[in-house]
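The values are calculated or read from the model by the stated rules, or taken from the named source; none is laboratory data. The structure displayed is predicted, hence computed values, not measured ones. Methodologically, a virtual Cβ is constructed for each residue, glycine included, from the backbone with ideal geometry; neighbour enumeration extends over all protein chains shown.
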């Protein structure tokens, strides 16, 4: 079972470069989420989507954009990377029912030099 | 604004002992509380989800309780094993919110 798959697993960027992180899920989940995890701060929600073609801002959306063109994919873009965006990024997905758990990918470790 | 706290940040116990991990939250208006496990370099694995109307949930050696009125949850691990070593995170889903609010976790080490 693939579950939630994130690519790439690691990436190093220079300040000002752009990149896209891909999340794919094969569980037919309606909801998808992008979090970042930083030491001592817990996971924080960047953006989320409640269905194909929809996106919404989370706690820390600045500097990121997202798209959900297909139900199974959720893309996170950094247009102009900054050192403050060095983090581990996690994608998650869940059914619409609020009492269903979120399922997480293994993360993308991103360093901005 | 919901805040979730987990104390202690790290805990070491000998193998075989029973242990309790703590989670507290500031706003009791929640849909549910979820406990996760995170292994180094890995994502989060959902362990237990307690709905706001429930008092506890059990899965194998794990038992999670919820006291919504006091804003507390505990994760009880029975007969701990070295394979239980990981970081344990709790998260709450508040009313009117699609997101989870996470604690910063407790890093558990089981000493063989």
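Quick notes on this structure:
- Filtered residues of region A:69-113 (kept if within 14 Å of another protein chain (Cβ to nearest Cβ) and in a loop (DSSP other than H, G, I, E, B)): A:95, A:96, A:97, A:98, A:99, A:100, A:101, A:102, A:105, A:106, A:107
- Note on region B:73-112: enclosed strands (runs of 3 or more DSSP E) holding 3 or more residues that are modelled with pLDDT of 95 or more and surrounded by 15 or more Cβ atoms within 10 Å (Cβ to Cβ) are B:86-94, B:106-111.
- Only one of B:49, B:66 that is within 14 Å of chain A (Cβ to nearest Cβ) and closer than 27 Å to residue A:108 by Cβ: B:49
- Qualifying residue in region A:54-63 (condition: free of Cβ contacts under 8 Å to residues at least 12 places away in the same chain and either in a loop (DSSP other than H, G, I, E, B) or surrounded by 16 or more Cβ atoms within 10 Å (Cβ to Cβ) (or both)): yes
- Segments classed as strands (runs of 3 or more DSSP E), wholly inside region B:1-52, with at least 2 members that are without any contact (Cβ under 8 Å) to a residue 24 or more places away in the chain: B:44-51
- Any hit, region A:24-32, residues being assigned to a strand (DSSP E or B), touching a strand residue (DSSP E or B) at 6+ places or on another chain (Cβ under 8 Å) and over 24 Å from residue B:40 (Cα atoms): yes
- When A:68, A:44, A:36 are screened for being buried (at least 16 other Cβ atoms within 10 Å of the Cβ) and more than 24 Å from residue B:106 (Cα to Cα), only A:68 passes.
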